[in-house]
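Please read the structure below before turning to the comments.
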């Protein structure tokens with residue numbers, strides 16, 4: 001098939017102190033078999049040599065912007081404001097695209113005559129150099145339900161028409177769960193498409209944001225995630241219940257509370273762990289409520305003794 005090159009893609013990379021990693025992300029864009037793109041890198045107040053690493057690349061399609069540290073959502077939104085493409089994708093600074101990422105999305109857009117909306121592909125996880133295909137969990141007709149149910153679908157897998165992205169943007173007051181919030185709002189309001197190809201790679205490492213959730217900032221991270229969930233629930237619950245049964249919707253929230261309870265326990269913060277269990281208990285009593293409570297309570301003695309050592 002002949003590929004049309006009239007679509008311009010804007011790839012936005014927010015970055016913060018990742019000079020040692022961002023090069024691989026940039027290289028993966030330069031290796032694209034589709035060439036009509038612009039790369040917008042928004043440096044969110046880095047104190048390392050990120051700027052030097054980026055500016056060492058001699059390609060006028062790469063645009064570097066610096067802002068004082070405001071968080072990942074603000075950095076992405078800055079990139080959105082600077083973008084000129086017809087479609088926008090977001091790449092984390094520690095991840096990469098496979099060479100055919102853009103050309104496959106370009107083909108899919110033309111074949112399906114997509115004017116506006118969101119497209120999602122599949123991803124590969126890189127754990128210590130071992131590549132594993134992430135399960136195709138989002139495919140099917142009910143994108144909202146599948147995306148709500150599973151939490152391992154990377155922002156790197158999405159391409160969205162620019163007018164839709166510029167209408168909604170990322171919620172800047174949240175730095176946890178902000179990408180899921182953003183994608184869900186778009187799914188609730190625009191048509192979604194599924195491209196059944198593996199086109200992006202995300203790397204698991206100890207400094208990845210989801211892993212940092214377990215670290216010394218676990219409490220602030222948990223509170224911010226909870227605030228994002230509450231805000232989303234207040235604004236979009238009724239729309240969500242058009243796609244999910246009430247028990248499916250509340251299960252999704254309870255699952256996060258359970259996760260936060262486990263993180264708190266692993267940080268030996270038993271009071272905060274019980275705080276999240278109480279929130280689960282206040283939902284309708286069901287098997288997951290019982291499982292969550294028993295699961296956490298049964299492990300408290302282990303972590304209690306471990307802390308004492």
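No value in this document is a laboratory result; all are computed from the given coordinates. Bear in mind that the values here come from a model prediction, so they are computed numbers and not experimental data. Virtual Cβ from ideal backbone geometry, glycine too; neighbours counted across all protein chains shown.
Here are a few things to note about the model shown:
- Helix 287-308 vs. the chain, principal-axis angle (Cα, 0 to 90°, nearest 10): 80 degrees
- Using the Stokes-Einstein relation with a Kirkwood hydrodynamic radius computed over Cα pairs, the translational diffusion coefficient of the chain at 25 °C and a viscosity of 0.890 mPa s comes to 119 µm²/s.
- The stretch 22-66: relative contact order as a whole-number percent, Cα under 8 Å and 6+ apart: 47 percent
- Over the residues of the chain, the helix contribution to mean residue ellipticity at 222 nm works out to -14500 deg cm²/dmol, using -39500 (n - 2.57) for each DSSP H run of at least 4.
- Relative contact order %, the chain, counting alpha carbon pairs below 8 Å whose residues are six or more apart: 17 percent
- Contact order for the stretch 213-308, expressed relative to its length and based on alpha carbon pairs under 8 Å spaced 6+ residues apart, stands at 25 percent.
- Most fluctuating residue given options 290, 11, 103, as computed from a GNM of the chain linking Cα atoms under 10 Å: 290
- Dimensions of the stretch 93-134 from C-alpha coordinates, computed as largest minus smallest value along each principal axis and given longest first, are 39, 19, 17 Å.
- GNM flexibility winner over the chain from 218, 181, 291 (Cα, springs under 10 Å): 291
- The stretch 133-282: radius of gyration and largest Cα-Cα distance (Dmax), Å: 15.9, 46
- Cα point-scatterer Debye curve for the stretch 1-133, base-10 log of I(q)/I(0) at q = 0.10, 0.18 Å⁻¹: -0.33, -1.04
- Candidates 43, 113, 81: whichever shows maximal mean-square fluctuation once the chain is modelled as a Gaussian network with Cα springs under 10 Å: 113
- Span per principal axis, largest first, for the Cα atoms of the stretch 213-308 (Å): 49, 29, 16
- The ranking of 241, 184 from fewest to most other beta carbons within 10 Å of each one's beta carbon is 241, 184.
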